[in-house]
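The structure under discussion appears below in the form of structure tokens.
The values are calculated or read from the model by the stated rules, or taken from the named source; none is laboratory data. This is a predicted model, so every value here is computed, not measured. No Cβ is skipped: glycine too gets one built from the backbone with ideal geometry, and neighbour counts run over all protein chains shown. To get the accessible areas, we keep the full protein, side chains included, count just its heavy atoms, and leave off ligands, DNA and RNA. Shrake-Rupley method; radii C 1.70, N 1.55, O 1.52, S 1.80 Å.
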Amino acid sequence: MTYFKPYLQMFYRVIDYICPCLRLVLISFFFSLAVSAQAQNSGTLSGYVTDEKTQEPLFGATILLEDSGLGTVTNELGFYEILNVPTKTYNVRASFVGYSSLTKYNIVVRSAGNSLVNFALSASSQNLEDVVVTANPFQKQPETPLSIQRLSAEEIATYPGGNNDIAKVVQSLPGVSGSVGGFRNDVIIRGGAPNENVYYLDDVEIPNINHFSTQGSAGGPVGLLNVSFIEGVTLATSAFNARYDNPLSGVLQFDQRRGNARKFQANLRVSASETALTAEGPLFKGKAEASNTTYIVSVRRSYLQLLFKLIGLPILPDYWDYQYKINHKIDQYNELNFIGIGAIDDFSVQAPEDFDASQQATLDQVPVINQWTTTAGISWKKRFQDGSGYMTTTLSTNILNNEFSRFEDNENQAGKYFSNASRETERKFRYEQTRFMGAWTVSAGLSLQQALYSNLTEDAVNDFRYDSAIDFFKYGLFFQSSRAYLDDRVSISFGLRADANSFTNQKNQLIQTLSPRLSASYTLDDARRWSINASLGRYYKIPPYTVLGFRNNAGELANQDAKYIRSDHLVAGLEFLSTPSSRFTLEGFYKKYNNYPVSIIDDISLANKGAGFEVLGNEPVSSEGEGRTYGIEFLFQQKFTKNVYAILAYTLFKSEFSTNEEAYLPSVWDSRNLLTFTGGYKFTNNWEVSIRNRFIGKTPFAPVDEEASLEAYPAIILDYNRLGEQKLKPFNQLDIRIDKKWNFKKLSFNVYLELQNVLAQQNPEPPNYGLERDLEGNVTSPRNLIQIPAGNGSVLPTIGFVLDF
């Protein structure tokens with residue numbers, strides 16, 4: 001909705017207000033450290049080396065820090081440790097006889113707060129002692145040989161314009177964009193809707209990754225995950241492994257690291273909007289060198305609401321979140337992981353002291369949100385003692401409690417015209433077993449979920465009032481097999497999945513949702529620099545609970561006939577490894593949708609909704625919609641080499657979805673052109689400068705129905721019949737980040753300065769409307785709806801620091 005832009009303008013004012021104060025605090029803090037602490041120019045690098053398949057430790061593997069002369073070998077536990085390493089950035093290489101060597105790039109060694117750097121080496125088909133085989137540094141799996149990207153923790157933490165927010169970082173990968181204007185964390189992949197993605201934290205699925213999330217969708221203005229927990233993030237935009245249920249456009253897998261098994265350490269991160277504290281260490285260690293039980297836990301607090309209130313802005317966003325992981329090794333073959341994540345969000349308003357047309361429109365139209373979410377899970381991983389495979393069993397539960405209201409008088413919360421009080425609860429069980437059968441790797445498993453959803457909705461604009469509660473089961477079966485041929489030059493993978501539930505009326509669901517997928521990769525040359533990759537697959541997703549639980553005024557479940565949404569993917573691409581640390585890729589993709597829910601009220605696909613502060617799917621729908629997105633992607637990626645790293649990505653695509661009348665309309669994500677450049681340079685003495693530039697082409701939007709909005713105000717009614725008639729101007733934003741690290745005897749200190757929108761480009765947005773008022777802020781008579789002038793673009797400076805101790 002159009003009140004997002006005033007939110008950004010308010011944030012600019014807040015930053016202008018707090019930056020001088022914060023700068024003084026940081027300068028004082030640094031000088032106190034310089035006086036009280038002795039400089040330390042070395043740290044410790046450690047980690048484990050294991051077999052990628054069996055996860056067995058590799059005894060005697062060699063670890064080298066490139067261009068340093070430093071190195072060591074692993075012990076019988078696969079553990080290595082290198083002491084007195086100068087504090088700077090390295091590329092670290094692990095090698096072992098009979099295995100492909102692997103290099104991890106951009107590893108920062110600090111005097112304190114270093115995380116484990118672990119390696120999983122794959123056995124080489126060229127098993128000769130005098131032959132050195134190097135693994136592709138851009139790791140991919142047989143089932144997902146293309147359309148996959150991986151980011152390290154360091155790449156996320158220092159990403160320009162990301163503000164340590166993983167969802168914002170992901171938006172710069174090939175084929176991925178956010179909502180136009182950059183004010184939300186919607187992950188829009190290859191023209192699909194934000195709710196077409198699934199998210200996994202280790203082995204546990206989490207329903208969303210944002211604060212103030214849009215129920216029925218996934219986006220929100222602020223990310224939920226703590227970057228200090230993350231070991232790496234993998235994004236697959238097609239060729240999904242059969243173990244994942246419900247992805248139509250993407251799978252985001254967040255791998256959390258284990259806590260330190262040897263000693264306590266902590267991390268304090270302070271930015272312009274929040275403070276986060278992370279602590280980790282061993283449990284029950286006693287006198288042992290390392291513990292079999294570790295923990296890592298964090299809590300984060302926003303203070304934007306205090307600053308906004310102090311300077312008289314009309315909205316007060318307030319949030320808390322927490323995250324934890326406990327790992328326990330029962331023995332060398334069994335381990336348990338306990339993980340949890342949750343948030344408390346409160347979005348309230350206050351009237352500005354002085355009248356401002358834009359702020360008044362924001363005050364009129366924003367919702368009041370009270371939301372909390374929690375996810376907890378336990379997973380048991382067992383490696384078979386004969387090395388023939390492993391199994392994973394996961395139990396988890398997640399809850400989203402959402403109270404979402406709109407008032408005619410937001411300040412006094414009077415004249416409620418929309419309210420949604422709902423709760424989504426899922427209880428999940430998943431079992432997967434992987435076996436190594438000669439050259440084949442075979443995985444199979446099942447999932448079982450109980451879904452509970454309740455909703456009390458009052459909607460005066462659309463004349464709905466209902467109280468709904470549903471309780472049903474979802475279950476799925478999956479199978480995936482992969483193998484390589486011709487000295488690993490050819491790999492193929494085949495998967496099959498079927499899902500069903502006890503709620504919808506769709507018949508023969510296990511047959512109707514049968515979803516095969518096939519992937520293949522072929523290395524063209526002996527140097528293994530050129531490869532062609534392809535995948536073909538069918539994927540299904542059950543509609544959101546907001547759709548399934550909707551009742552009409554007669555109390556009937558109006559959408560029980562809704563079908564599983566289907567998406568068919570065809571992707572093919574070429575990869576060229578230009579150097580050991582860089583690559584070019586070119587991919588073409590086609591996605592075809594069927595059974596997409598279409599709003600009966602607005603006659604528009606739900607794929608075109610869900611990118612604002614709203615409740616998606618709380619309405620009657622039909623499952624007659626179709627859609628298609630297709631395009632090409634180009635990527636150049638340079639891993640950290642000679643102090644430089646870079647990613648250049650361009651996507652040319654088209655996205656459109658049908659109405660109930662079977663007419664195709666361009667989607668609200670159909671920007672046609674996505675261009676992103678991200679790069680950085682690391683100077684001596686631990687200085688780093690990085691930049692990001694994002695370009696998004698002209699994007700269609702649904703204009704405001706002024707007559708209907710005047711009658712329903714402060715509700716704003718969009719005219720979806722005119723979607724595509726007008727387009728927003730292109731979006732272009734340049735961000736710059738400067739980092740400086742200091743290392744002391746028992747702590748490491750990193751200060752960063754981010755300048756977002758350096759060129760002060762105006763963010764494109766649909767026209768914003770509000771009631772005409774006089775100079776005192778009183779509504780004129782007769783009432784008249786007018787367009788609010790858009791503000792100018794502004795540079796957004798942000799300063800913060802990270803303290804490891």
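Structure notes:
- Only aspartates and glutamates eight or more places from K654 in sequence, or on another chain, were considered; those with a Cα closer than 15 Å are E587, E626, E633, D670.
- Segment 200-214 versus segment 50-67: alpha-carbon centroid distance in Å: 32
- Highest average first, the peptides 604-613, 731-740 ordered by how many other beta carbon atoms sit within 10 Å of their residues are 604-613, 731-740.
- Accessible area (Å², per residue) of segment 689-802, counting only protein heavy atoms and a probe of 1.4 Å: 46
- Radius of gyration (Cα atoms) of the chain, expressed as a multiple of 2.2 N^0.38 Å: 0.94.
- Computed from the Cβ-Cβ distance with R0 of 51 Å, the FRET efficiency linking L456 to V97 stands at 0.20.
- Rounded percent of accessible protein surface that carbon and sulfur make up, the chain, 1.4 Å probe: 55
- Two-decimal log10 I(q)/I(0) for segment 627-776, as the Debye equation yields it once each C-alpha is a single scatterer, q = 0.19, 0.20 Å⁻¹: -1.17, -1.23
- Among V73, V109, the order of accessible area from largest down is V73, V109, computed with a 1.4 Å probe on protein heavy atoms.
- Within straight-line reach of K309, meaning a Cα separation under 22 Å, sit the following lysines at least 8 residues removed in sequence or on another chain: K5.
- Rounded to 10°, Cα long-axis angle of helix 4-36 versus longest principal axis of the chain: 40
- All C-alpha to C-alpha distances of segment 506-562, sorted into 10 Å bins beginning at zero, yield P(r) values of 17, 26, 20, 15, 12, 7, 2 percent in whole numbers.
- Each listed q (0.33 Å⁻¹) maps to a log10 I(q)/I(0) for segment 186-232, found by the Debye formula over equal Cα scatterers with no solvent: -1.25.
- Relative packing of peptides 543-549, 61-67 - highest average C-beta neighbours within 10 Å first: 543-549, 61-67
- Where K263, K642 fall by accessible area, highest first, once all protein chains stay in place (1.4 Å): K642, K263
- For L477 and R465, the difference between the fully extended length at 0.36 nm per residue and the C-alpha to C-alpha distance is 0.5 nm.
- Rg then Dmax, both in Å and based on the Cα atoms of segment 321-470: 23.7, 75.
- Cα pair distances exceeding 13 angstrom across segment 41-110, given as percent: 62
- Spin-label model distance (nm) - V73 vs E353, 7 Å beyond Cα toward Cβ: 7.2
- A DSSP coil position with no more than 15 other Cβ atoms inside 10 Å describes the following chymotrypsin sites (Phe, Trp or Tyr not before Pro) in segment 220-302: F264, F284.
- Within segment 44-127, chymotrypsin sites (Phe, Trp or Tyr not before Pro) in DSSP loop having at most 16 other beta-carbon neighbours inside 10 Å: F59
- Intensity falloff of segment 424-486 expressed as log10 I(q)/I(0), Debye formula with alpha-carbon point scatterers, at q = 0.30 Å⁻¹: -1.14
- Accessible surface, 1.4 Å probe, highest first, among residues D463, D526, D331: D526, D463, D331
- Over all orientations, segment 213-292 has a Cα convex hull whose mean projected area works out to 8.2 square nanometres.
- Relative packing of 758-766, 777-785, 671-679, which averages over residues the other C-beta atoms within 10 Å, highest first: 671-679, 758-766, 777-785
- Were the residues from K745 through V779 laid out at 0.36 nm apart, the gain over their Cα-Cα distance would be 5.9 nm.
- Rg/Rh ratio calculated on Cα atoms of segment 565-674 (Kirkwood radius): 1.14
- Taken along the Cα-to-beta-carbon direction at a fixed 7 Å, the label points for Q560 and Q512 span 1.4 nm.
- Calculated on the alpha-carbon coordinates, the convex hull of segment 148-209 measures out at 97 cubic angstrom per residue.
- Share of pairwise Cα-Cα distances greater than 20 Å in segment 551-629 is 52 percent (whole percent).
- For the chain, the share of DSSP beta bridges that are antiparallel, to the nearest 5, is 95%.
- For segment 396-519, the solvent-accessible area of protein heavy atoms averages 47 Å² per residue (probe radius 1.4 Å; ligands and nucleic acids excluded).
- The alpha-carbon of K474 sits under 18 angstrom from the alpha-carbons of these lysines, leaving out residues fewer than 8 places away in its chain: K428, K507, K541, K563.
- Förster radius 45 Å - calculated FRET efficiency between N84 and S578 (Cβ-Cβ, nearest 0.05): 0.80
- Fully extending the segment from W530 to I786, taken as 0.36 nm per residue of separation minus the present Cα-Cα distance, adds 86.3 nm.
- Placing pseudo-labels 7 Å out from each Cα toward the beta carbon at N292 and L759 gives an inter-label distance of 5.9 nm.
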